[in-house]
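Heads up: the structure comes next, in structure tokens.
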């Protein structure tokens, strides 16, 4: 609690030290320690390079070493969660080779190594890692943690019967919190098998019976996701609203639920209710990050459903102004999202000066190739509209096409649409051709290739159009 208060007060150094003290309680409070580890990684990892270096320099040596390890561990897990399992495996292996890990960090690294192996389909090797850990572990909480990882590994490896047996054993545990985790796992197995009704039943049991609000919230979020996937917006709305009543004050799930409620209400045309939910989300945000994300969602609501693009642009710029405050830590993902939205909207409102300022703010924080590609394109367009030299932005943008082909395809298709709107068919054909060429898997570019064929036909390029239509047919039947 003290760490969160320090963080809310923008005292990052005190917050980091409080989180370190919480991590030290791992033997007696493993869940608290795990939450503190994740919070510490988020706190330091979300800081810009300069502020991160300053923060690390101000910590005591023990805390600095722990933070450095946790940052590397967080980066490895981020690779894992983004689908880069092979790179994550290398990162976890490198951490193990350091040889200066505390026991809890070492356990987490080995667990992550097992997960990265499982994500690559190397289930047998992953199970070896986890079972070795299990054989070395005496504490009941740690054993349950590893049993869950083993069950998850069996599930990710497609061994559904074995996974169901492992989760069922956990679900029979007399501790209701442990049992809830087993039932949540059984629901995941049912989903993997396509047994959605059975999954819903397992999740409803947890939502109705679990003693710990965290597991009730987890089950309700899963129920909301299933309802969304099934196209049942009312059931999803009901589940997200139940999250709002079930979650403890300060739970990050509250922010997710509020944003989901806004989106569902807006999508169903209940704009007034969505606006009211927006205000509640901003006013009730548990921290600065949640407030900025809520403000961003309110801007999206104004732009898409509220019919007030000017107010939307003001909201986006307000998010940027608060998020880029040099005296506070910078949430880079929110800055990138707000900058991309602001720059695109400003261009559509014929305000290139505001678009340029937003794009530059976003580029200061963007690290992913896809994000930089979009922002560089917006920067180039803003410079063109202002009559300024855009060659450097264009060169930087074009150099990223191979690094982010899917993002490049979307950008090039959008530029082709603008060219078509200006009756520049040759330019549109060139852009669409570049887009389909950027993607190595033809099935991912079927829509763009079909558009290319249509434009070629309109331009009188009959042979080229025939060839493009034939490639569409071939990709669709593959």
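Answer yes or no: is there a residue in the range 85-102 that is surrounded by fewer than 21 Cβ atoms within 10 Å (Cβ to Cβ) and touching a residue at least 60 places away in the same chain (Cβ under 8 Å). No, that holds for no residue. The residues of the range 455-466 that are in a helix (DSSP H, G or I) and surrounded by 14 or more Cβ atoms within 10 Å (Cβ to Cβ), listed by number, are 455, 456, 457, 464, 465. Filtered by the rule that a residue be in a loop (DSSP other than H, G, I, E, B), surrounded by fewer than 21 Cβ atoms within 10 Å (Cβ to Cβ) and at pLDDT below 90, the range 232-263 gives 248, 249, 250, 251. The condition (being buried (at least 18 other Cβ atoms within 10 Å of the Cβ) and modelled with pLDDT of 80 or more) is satisfied by just one residue among 132, 152, 142: 152. Select from the range 307-330 the residues that are surrounded by fewer than 16 Cβ atoms within 10 Å (Cβ to Cβ), touching a helix residue (DSSP H, G or I) at 6+ places or on another chain (Cβ under 9 Å) and not in a helix (DSSP H, G or I) and list them in ascending order. Selection gives 307, 308, 326, 328. Among the residues of the range 423-452, the one identified as surrounded by fewer than 16 Cβ atoms within 10 Å (Cβ to Cβ), over 29 Å from the mean Cα position of the chain (by Cα) and over 22 Å from residue 382 (Cα atoms) is 426.
For the range 205-217, the set of residues classified as under 11 Å from residue 187 (Cβ atoms) and buried (at least 21 other Cβ atoms within 10 Å of the Cβ) consists of 206, 207, listed by residue number.
Residues that are part of a helix (DSSP H, G or I) and without any contact (Cβ under 8 Å) to a residue 12 or more places away in the chain are absent from the range 184-196 altogether. Candidates in the range 331-350 are the residues that are part of a loop (DSSP other than H, G, I, E, B) and surrounded by fewer than 17 Cβ atoms within 10 Å (Cβ to Cβ); of these, the one that is farthest from the chain's Cα centre (by Cα) is 350. Only a single criterion out of (1) buried (at least 17 other Cβ atoms within 10 Å of the Cβ); (2) more than 26 Å from residue 439 (Cβ to Cβ); (3) at pLDDT below 90; (4) over 19 Å from the mean Cα position of the chain (by Cα) is not satisfied by residue 420, namely (2). Per the listing 359, 374, the residue uniquely surrounded by 20 or more Cβ atoms within 10 Å (Cβ to Cβ), within 24 Å of the chain's Cα centre (by Cα) and more than 23 Å from residue 434 (Cα to Cα) is 359.
Scan the range 166-176 and tell me whether some residue there is under 30 Å from residue 65 (Cα atoms), in contact (Cβ under 8 Å) with a residue 24 or more places away in the chain, touching a helix residue (DSSP H, G or I) at 6+ places or on another chain (Cβ under 7 Å) and part of a helix (DSSP H, G or I). Looking through the range 166-176, none of the residues is under 30 Å from residue 65 (Cα atoms), in contact (Cβ under 8 Å) with a residue 24 or more places away in the chain, touching a helix residue (DSSP H, G or I) at 6+ places or on another chain (Cβ under 7 Å) and part of a helix (DSSP H, G or I). Annotation note: of 400, 431, 412, 452, the sole residue that is in contact (Cβ under 8 Å) with a residue 12 or more places away in the chain and not in a helix (DSSP H, G or I) is 400.
The values are calculated or read from the model by the stated rules, or taken from the named source; none is laboratory data. All values reported here derive from a predicted model rather than from experimental measurement. Here the Cβ is made from the backbone with ideal geometry for all residues, glycine too, and neighbour counts use every protein chain on show.
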